[in-house]
Structure formats: C-alpha cells, structure tokens
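Q: Okay, handing you the structure first.
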Amino acid sequence: MNFPCGPLDTIQLIALILFGILTLQCLLGIGLGIGFLLETPLYNIVTKLNSDFNTQAYFSIYAPHLLLIIGSGLVAIPIILGIFGILRRRWRYLMISLALLSLYMALLSGAVASGFAYFDQLKVNLQNHCGQYTTNTTCNSISTIYGCPRNDCIGRLDEIMHASKQRIGIISSVFLLVPLLTSILIIFHMRQDILYFK
C-alpha cells in the first residue's frame, strides 16, 4: 500500500491495524469503565453508605474502574504518536508511543490486580456500620433491593461489590493483549530496520 510518505511493509500495515483496534479498545474501555462504575443500584448504595457514615472506604471497590478509565483515556496519545510515527517514519515518535503504551499496560495491570484482590476490610466496615446501626435506611434497603434476609445482606452486598471489581479485572486482563502485541510488533520492526526511520 502506498502513502505520500512511501510504501508500507507488512509489519507496518499490521501495526496500523492494531492501532485501529486499540482505538476501539480505548473507547470501549472508557464506556465500560464509566458504565460499570455508575451501575445501579450498587453505585447508589455505595454513595449513600459513604454519606451516611462519613467515610470514603466503600469507594475502594471502584479502584479498578478508575484505573481502566484513566488508562483508556491516556492511550489516545500513544495511538496518535504511533500512527504518525509509522506513516511518517519517525523513530522518536514510536519510542514515545512505546513508553506510553507501557504506562497504559501498567495501569491495566493495576486494574487487574485490584480487580481480583479481596478487600476484607469492606466486609468489616459493613458489619460495623450496618450491623450496629439497625435503623439506618440504606442498610435496611439492601434487603429489599437484593431480596435477602437482613442477617445475610452484609455478606450478599460484599459479594456483589467484589463481583463488580472482578468484572473490570477480567476486562482489563483481556485489554492487555492488544497493546502488548502492538509494542512487540513495533520493537521487532525497529530492530529489523532501525535505519529506516529518521
């Protein structure tokens, strides 16, 4: 395929395709991250619990969501630099793109780690708050929302909170594949023909 900058080889074309997939992944990551973060009724319960007991402890379940959203927004920069570096054959732009792709993969790895981590303090906080304050309306509404006896609602809500984290952890682990392949392909091409770039 010919471009104003000259013909592109197979590796460069594959890299451009991967950058295109990475663009879709960027948009999907932001959408899924925000969508699952604002998922009702869990988000409403978390915000009400934080407000009722004057704490931010329950927002810890949204750490993987935030890492996915931040990483998906950040990856737009290496996508632009990477495409420009391939089309214009600018070695320095590809180096910057690789560095930012590494940062993106680090954020995704953090989302995976926090997504699958078990925060035992969540259940402790729920027991301390909802177990002691039996008249709290938010705690009482949990049994109605999730259809569970009040004595079992703490464990049920703890499971739902961790399931929300794990869902983002699985998505982030899948998202690691494309930037990893893109980085390997760029490194291989630069190693193969490093004098090809200005």
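The values are calculated or read from the model by the stated rules, or taken from the named source; none is laboratory data. It should be emphasised that the depicted structure is a prediction, and the values quoted were computed from it without experimental measurement. Cβ sites come from the backbone with ideal geometry, for glycine too, and all protein chains shown count toward neighbours. Note: accessible area is taken over every heavy atom of the protein model, side chains too, but ligands, DNA and RNA are not part of it. Shrake-Rupley method; radii C 1.70, N 1.55, O 1.52, S 1.80 Å.
Q: Would you please list the contacts, defined by Cβ atoms under 7 Å and residues six or more apart or on different chains, that run from a residue in segment 11-32 that is on the phi < 0 side of the Ramachandran plot to a residue that is surrounded by fewer than 17 Cβ atoms within 10 Å (Cβ to Cβ) and not in a helix (DSSP H, G or I)?
A: As it stands, the answer is 13/1, since those pairs meet every condition given.
Q: Residues to consider are 118, 93, 104; find the one that is farther than 19 Å from residue 41 by Cβ, loosely packed, with under 14 Cβ neighbours inside 10 Å and in contact (Cβ under 8 Å) with a residue 12 or more places away in the chain.
A: 118
Q: Would you check if residue 79 is in contact with a helix residue (DSSP H, G or I) (Cβ under 6 Å, 6 or more places away or on another chain), over 30 Å from residue 153 (Cβ atoms) and either open to solvent by 30 Å² or more (accessible area, probe 1.4 Å) or free of Cβ contacts under 8 Å to residues at least 40 places away in the same chain (or both)?
A: No; evaluated as a whole, the condition is false for this residue.
Q: Give segment 152-185 a look and list any residue that's among the β-branched types (Val, Ile, Thr) and open to solvent by less than 80 Å² (accessible area, probe 1.4 Å), or say none.
A: Selection gives 154, 160, 168, 171, 178, 182.
The rows are residues; the columns are (1) in contact with a Leu (Cβ under 6 Å, 6 or more places away or on another chain); (2) among the hydrophobic types (A, V, I, L, M, F, W, C); (3) not in a helix (DSSP H, G or I).
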| position | (1), (2), (3) |
| --- | --- |
| 142 | yes, yes, no |
| 148 | no, yes, yes |
| 165 | no, no, no |
| 169 | no, no, no |
| 174 | no, yes, no |
| 179 | yes, no, no |
| 185 | no, yes, no |
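Q: Output yes when any residue across segment 121-144 is small (Gly, Ala, Ser), free of Cβ contacts under 8 Å to residues at least 12 places away in the same chain, open to solvent by 60 Å² or more (accessible area, probe 1.4 Å) and under 26 Å from residue 58 (Cα atoms), and no when none is.
A: No, every residue in segment 121-144 fails to be small (Gly, Ala, Ser), free of Cβ contacts under 8 Å to residues at least 12 places away in the same chain, open to solvent by 60 Å² or more (accessible area, probe 1.4 Å) and under 26 Å from residue 58 (Cα atoms).
Q: Got at least one residue in segment 38-55 being among the hydrophobic types (A, V, I, L, M, F, W, C) and not in a helix (DSSP H, G or I)?
A: Checking segment 38-55: at least one residue is among the hydrophobic types (A, V, I, L, M, F, W, C) and not in a helix (DSSP H, G or I).
Q: Okay, next question. Taking segment 11-56 on its own, how many of its residues are more than 12 Å from the chain's Cα centre (by Cα), hydrophobic (A, V, I, L, M, F, W, C) and open to solvent by 70 Å² or more (accessible area, probe 1.4 Å)?
A: 5
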